[in-house]
Structures are given as C-alpha cells and as structure tokens.
Amino acid sequence: MEVRFDPETLQTLHMRAGDLWRRNFSRGWQRSAVSPMEVVRLFDRLWVREGYELVAYIYGFEVSSLGVVWAVKEGTPTEIEECERLEDELGTPRPCGAVEITEVIEGDGSSESYMQASILVRELRDFGCTFEHSDWGWHEIIGDFGKFEVFFREVNPTPKVSLGDRAVVEFCTRSYRTGEVYRHVDEFADGYRFTSSSEVIGFAD
C-alpha cells in the first residue's frame, strides 16, 4: 500500500516545529527553556513512551548555537550540574540513564505516523541548532521539480509512505544552504527506529 502526502502541509509542520525553540541563547551550555516535548505534541500520530520525557540542552556561541536532545525516565535529575559530560570538544551534558530519542518514540501504526516520525526525528536532532550547526533547518520539503534542475525526472517528489513488510518513507527537499535538491529514503525496521539514506538529485536554478 502506498500513501502520498501534501508537501505544503508537511513543510508547515516543519516550520512550526523549528519556530518553537528559536530565540537568543546565553554563551555555553544551558538546559533549553522550551521542552522538546512541545515539538512532539505537534505530531498528532506520535507520542513519547509512557514513563519517559525528552530534555534538551543548547550551547550558545557568539552568533549561533547547537543542541542535543535526550530521552530520560520521568523524574531523572536534568540540571546541567547533575549531568555527566561526554568526552567531546564541548563536554556535551548527558543525564544519567539517558537514551537516544528513537528508543522512546511510539505511534499508532498508520502511514501518517511513519511520515511524521521521519520529520519529527529530524526536528529533534536539529533542535537548538542554528546557522552553520544546522542541517535540517535549511531544508524545504518540496512536491515538484518545476524550478529545479534534477538528474532523475522519473522520480516523483511527492512525499509518500509505502507499507509492506516494513514501512518506507520517501520525500524530497531543497537545501537553502547548499542549493541542492535531495531525495530521502527512511526504512523502518523496529517500531519507529529507521535507517536513512539521502542523495543529491539536482540543484536549484
């Protein structure tokens, strides 16, 4: 079974999710004043597993920022000083027992839920990221190639979900940062965990 979706509706959802957390941030690490759970609530076919919640941390630079979202059991201490630190350049905070967000995303099993999951996970992975630290935030979900030069005109850019042995989500975007047109394919295997592949299929005129 194949179900297609309106790209403008998905793009509106994409923009609303990004607008929720955009604001000025202090220098260094801080816990986000906006909970990533607010982003999840925009996606009506998905939810976070009972007993868990999402928490976000944002690192403010002089003119940009980056962020990270973790899933934790409800009641877990999440203040910066209560977190362990990853051994990376910025010492990213990680609450005790935190897991990846895809471990706790659940849905109603509909075609819409898989399309929403593909977008939601990208939103959460780009949460708090601006300018050079952002990737997904620069993408526009598209439904036609009218104004783009693409290599494969036989590709139908209309977002779709194919349901069979596993759910497969396909959609195309244009990146305002690179001017490239992408085709994304997400294959779901275990609940709402998926593997993703993206390829450049064209350029903006």
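Note the angle between two axes, namely the Cα long axis of helix 7-21 and the longest principal axis of the Cα atoms of the chain, as a number of degrees from 0 to 90, rounded to the nearest 10. Here the helix axis deviates by roughly 10 degrees.
Counting charges near ARG183 (Lys, Arg +1; Asp, Glu -1) among other residues having Cβ under 12 Å from its Cβ returns a value of -3. Computed with every protein chain present, the accessible area of CYS129 is close to 10 Å² [probe 1.4 Å]. Ranked from largest to smallest solvent-accessible area, with a 1.4 Å probe on the protein heavy atoms, TRP29, TRP138, TRP47, TRP21 come out as TRP47, TRP138, TRP29, TRP21.
Ranked by accessible surface with a 1.4 Å probe, highest first, in what order do ASP126, ASP44 come? Walk me through the numbers before you get to the answer.
Values: ASP126 15, ASP44 120 Å².
Ranked from most to least accessible, the order is ASP44, ASP126.
Normalised by the number of residues in segment 136-200, the mean separation of alpha-carbon contacts (under 8 Å, six or more apart) gives a relative contact order of 27 percent.
The separation of segment 93-125 from segment 156-205, counted between C-alpha centres, amounts to 16 Å.
Label-to-label distance for VAL34 and TRP138 is 2.1 nm, based on points extended 7 Å past Cα in the beta-carbon direction. Counting heavy atoms of the protein chains alone, ARG23 has an accessible area of about 120 Å² for a 1.4 Å probe.
Let me know the charge dipole size of segment 157-205 about its Cα centre in debye, to the nearest 20, where only the beta-carbon of Lys, Arg (+1) and Asp, Glu (-1) is charged.
Working: 6 positive and 8 negative charges, 27 e Å.
It works out to roughly 140 debye.
Computed from the alpha carbon positions, the gyration tensor of the chain leads to an equivalent ellipsoid with semi-axes of 30, 21, 13 Å, biggest first. For helix 111-125, what angle does its Cα long axis make with the longest principal axis of the chain, in degrees from 0 to 90 and rounded to 10? The two axes meet at around 50 degrees. Helical content alone sets the calculated 222 nm signal of the chain at -5000 deg cm²/dmol, taking -39,500 (n - 2.57) per DSSP H segment of four or more residues and averaging over every residue.
Mean sequence separation of contacting Cα pairs (under 8 Å, at least six apart), scaled by the length of segment 1-121, corresponds to a relative contact order of 24 percent. Entry note, the chain: relative contact order of 21 percent, from Cα contacts under 8 Å with a spacing of 6+ residues. Given a 1.4 Å probe and the protein chains as shown, MET1 ends up with an accessible area of around 140 Å². Taking a sphere under 12 Å around the Cβ of GLU8 and counting the other residues whose Cβ falls inside, with K and R at +1 and D and E at -1, yields a net charge of -3.
Where the accessible area of segment 14-132 is counted over protein heavy atoms with a 1.4 Å probe, how much of it, in %, is carbon and sulfur? Write out the running numbers ahead of the final one.
Numbers: 2660 of 5980 Å².
Here carbon and sulfur together make up 45 percent of the probe-accessible area.
Averaged over its residues, the chain has an accessible area of 51 Å² per residue, based on protein heavy atoms and a 1.4 Å probe.
Find, among the GluC sites (Glu not before Pro) in segment 1-102, those assigned to loop by DSSP (not H, G, I, E, B) with at most 15 other beta-carbon atoms within 10 angstrom. Don't jump to the answer; show the numbers that get you there.
Details: sites: GLU2, GLU8, GLU38, GLU50, GLU53, GLU62, GLU74, GLU79, GLU81, GLU82, GLU84, GLU87, GLU89, GLU100; in loops: GLU50, GLU62, GLU74, GLU79, GLU87, GLU89, GLU100.
Passing both the DSSP loop test and the Cβ count: GLU50, GLU62, GLU74, GLU79, GLU87, GLU89, GLU100.
A cut-off under 13 angstrom between Cβ atoms defines the neighbours of ALA71, and their net charge, with Lys, Arg +1 and Asp, Glu -1, is -1. Ranking of LYS73, LYS160 by solvent-accessible surface, largest first: LYS73, LYS160 (1.4 Å probe, protein heavy atoms only, all chains present).
The values are calculated or read from the model by the stated rules, or taken from the named source; none is laboratory data. Bear in mind that the values here come from a model prediction, so they are computed numbers and not experimental data. Cβ coordinates were reconstructed from backbone atoms using ideal geometry, including for glycine residues, and neighbour counts include every protein chain displayed. We work out accessible area using only protein heavy atoms, side chains counted, and drop any ligands, DNA or RNA first. Shrake-Rupley method; radii C 1.70, N 1.55, O 1.52, S 1.80 Å.
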